[in-house]
Each structure stands twice: as C-alpha cells, then as structure tokens.
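The values are calculated or read from the model by the stated rules, or taken from the named source; none is laboratory data. Computed from a prediction, not measured in an experiment: that's the story for all the values here. Don't worry about glycine lacking a Cβ; one is built from the backbone with ideal geometry, like all the others, and counts go over all protein chains shown. The protein model used for the area step is the full one, side chains on, heavy atoms only, and it has no ligands, DNA or RNA in it. Shrake-Rupley method; radii C 1.70, N 1.55, O 1.52, S 1.80 Å.
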Amino acid sequence: MSEQLDMNRIPKHIAIIMDGNGRWAMDRGLDRTFGHKAGLDNLEVITTLCSNLGVKYLTVYAFSIENFNRPAYEVEALMGLVLSFFKMQLFHNNNVSFHVVGDVDRLPKSVQDKLHSMEEETAMYDGMAMTIAMSYSSKQELVNAAKIIARKVEKGEMSVDDICEETIAENLWTKWMPDPDLLIRTGGEVRISNYLLWQCAYSEFYFCDTYWPDFGEEELHKAIISYQNRQRRFGKTEAQIEAEEAEEK
C-alpha cells in the first residue's frame, strides 16, 4: 500500500475523529474504558506515522463537550487516561509540538495543568503540530467567536462592515492552523459530530468501518491515497483546475 503513496501530495493537515473505542472493547467482552486506553495507545502510533510522512498538522477529536453527558465513571476514566497518556518521548523523538483546542476550563484542574504543561514543554519543536480537541464543540467555538467580534464592534474597535470570513477564522480556537485538507472518521459512522464545522468547509472526507484502535499504518495509507485520487476544485470547474496545474508545470 505504501508504494502507492505520492509523497509529493501528502495532505498538510489531517483531522481525525477517533471513533469506535468503546465498541472495540465491547466486541472483546471488555469494559468501554479499555477501548479508550487502546485508542490513546494508537494515537501515539498514528502521530509518529503522520510525522514521518511529512504531515504538518494533525488534529484529533478526543472529547467533546457533549461527552460530559456520558456515564460519570467513563468520563472520569477518560480524564485519568489523558493524564497518563502523554509521554514526552513521543514528542521529543519526532520533533512534534503539542497543542489543545476547546473549552479547556471545563476540564478538571489536573487535566488542564497537564495539557498546558505539555504545550509549554514541546513549544520549541518545529516539526508536526499535534493538536487534541478536548471539551470541544464547533458550535460553541463559533458562538465564542461571534461574542468576541460583537464586543469589538460594541467598543468601536471595528464596524459591522469589517466582518468577513477572515474575521471569523481569526477568532476561532484553531486560528493559528490552516484548515484540514483531509478529515478521517473511523468506526463506521458517517457524520462529523460537531467537529471543525467552519474549518472543514472544503476538506476531503474519508469514512471507514475500522475501529480507531485498529486503524494502523495500512488504513492511514488508504485514507491518504483516497485523498490523493481526488481533485480539489474549491468551486472551480475541472477544466479550470487542469489548466492551472498545466501552468504550474
């Protein structure tokens, strides 16, 4: 499968919805929390693989604001896993910086401290940026951006007519990263579950039935090859894109 990859067309930014952890565990007669542990172990593998391929941004959906509605024991177990997951060696060895996006203030203080510590300790690395979306809701992100912009208008710092797409993008939690080129969702569901709604307006989507803990190198390569076999037109015609590509050559 790897021989089919075009190393000159690796997506710059891959976003992933890591779905299927609980079902993976239940299929094996295990508690759902074992699936989350296996999923975090696999995140280490995929982070290394993406870094080695030359991906510049990897953004993964780990815990949504809606996930707080899950059974308390499962939420508590997930928070504990987050505290134990991050091994500095992963980031040291791969020149990867760590980031977090979401309403982090909703998380337990110990988790907040761990996440911010990881950001500080990996800030010097200039390879791939690995971002984890924790306590994240894209709708809430857009509401927050609207409030920030409204306050600026209210203070006279900008006018309503100044508001444009860039204004929204500049006030999102993800304002420092480019929009995803490829969005991958594992686990068989075909929806994006309130994840990067604004940012994925022109992303290519890839859905697969494989549960996240089993999503390994071959599955990652399949997703990227699928991406590479598509023509990204951004509203233009196929003929226009082909003409532009011919000019670049």
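Descriptive notes on the structure:
- Per-pair calculated FRET efficiency, R0 = 30 Å: residue 225 and residue 95 via Cβ, rounded to 0.05: 0.75
- DSSP-assigned coil residues among chymotrypsin sites (Phe, Trp or Tyr not before Pro) in segment 137-216, each with at most 16 further Cβ atoms within 10 Å: 176, 198, 202
- Between residue 214 and residue 124, full extension at 0.36 nm per residue minus the direct alpha carbon distance yields a gain of 29.2 nm.
- Direction-averaged projected area, Cα convex hull, segment 1-119: 8.5 nm², rounded to one decimal.
- Spin-label pair residue 160/residue 44, simplified geometry with 7 Å Cα→Cβ offset, distance in nm: 5.4 nm
- Taking the charge dipole of the chain about its Cα centre, with +1 at Lys and Arg Cβ atoms and -1 at Asp and Glu Cβ atoms, the residue from 73, 164, 61 reaching farthest to the positive side is 73.
- Here the chain is treated as a sphere whose radius is the Kirkwood value from Cα pairs; by Stokes-Einstein at 20 °C and 1.002 mPa s it diffuses with a coefficient of 110 µm²/s.
- Remark: segment 1-123 carries 47 Å² of accessible area per residue (probe radius 1.4 Å; ligands, DNA and RNA excluded).
- Chain lengthening between residue 3 and residue 109 when straightened (0.36 nm per residue, less Cα-Cα): 33.6 nm
- The Rg/Rh ratio of segment 1-53, with Rg taken over Cα atoms and Rh as the Kirkwood radius over Cα pairs, comes to 1.12.
- Residue with peak Gaussian network fluctuation, the chain [Cα springs, cutoff 10 Å], from 162, 27, 179: 162
- Among 213, 180, 108, residue whose mean-square fluctuation peaks in a GNM of the chain (springs only between Cα atoms under 10 Å): 108
- Cβ-defined net charge surrounding residue 135, 12 Å radius [Lys, Arg +1; Asp, Glu -1]: -3
- Shape analysis of segment 98-241 based on the Cα gyration tensor places the equivalent ellipsoid semi-axes at 29, 24, 15 Å, largest first.
- Apolar share of the accessible surface for segment 103-211: 49 percent from carbon plus sulfur atoms, 1.4 Å probe.
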